[in-house]
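In what follows, a single structure is set out as structure tokens and then discussed.
The values are calculated or read from the model by the stated rules, or taken from the named source; none is laboratory data. Keep in mind the model is a prediction, meaning the values are calculated, not measured. Because the Cβ atoms are built from the backbone with ideal geometry, glycine has one as well, and the counts that use them run over all protein chains shown. Each accessible area value is taken on the protein alone, full model and side chains, heavy atoms only, with ligands, DNA and RNA left out. Shrake-Rupley method; radii C 1.70, N 1.55, O 1.52, S 1.80 Å.
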Amino acid sequence: MITHRDLIIKLAAQYRLPTVYPLRFFVIAGGLISYGPDIVDQYRRAAGYVDRILKGEKPAELPVQAPTKYELVINLKTAKALGLEIPTTLLARADEVIE
């Protein structure tokens, strides 16, 4: 999916399909909406695990963590090209709106 990101976005636009992607860089490349874990936050939390391992904790004993921070990104230019009007309540909840 990531390898063929541009093709997926192009085909979705060509066939006028509103799409929701898992990562923000799809929306930056022209996708409509993304909702998924904040990757930067994931790396920050991973650094905490590295610190704990370097201090002697066994990796097998560390708990598995699920993402705690998610982000919603909306591309208004793509919405307009698809003839969609994004509700203001959704725009207000978005972490980032690309115009």
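Among Glu61, Glu71, which is of a type outside the set (Ser, Thr, Tyr), out of contact with any Pro (no Cβ under 6 Å at 6 or more places or on another chain) and open to solvent by less than 70 Å² (accessible area, probe 1.4 Å)? Step by step, each of Glu61, Glu71 is checked, and only Glu71 is of a type outside the set (Ser, Thr, Tyr), out of contact with any Pro (no Cβ under 6 Å at 6 or more places or on another chain) and open to solvent by less than 70 Å² (accessible area, probe 1.4 Å).
Among the residues of the range 20-40, those identified as without any contact (Cβ under 8 Å) to a residue 60 or more places away in the chain and open to solvent by 30 Å² or more (accessible area, probe 1.4 Å) are Val20, Pro22, Leu23, Phe25, Ala29, Tyr35, Pro37, Ile39, Val40. Residue pairs whose Cβ atoms lie under 8 Å apart, sitting 6 or more positions apart in sequence or on different chains, and linking a residue in the range 1-13 that is touching a residue at least 60 places away in the same chain (Cβ under 8 Å) to a partner that is assigned to a helix (DSSP H, G or I) and open to solvent by less than 100 Å² (accessible area, probe 1.4 Å), are Ala13/Thr78; Ala13/Ala81.
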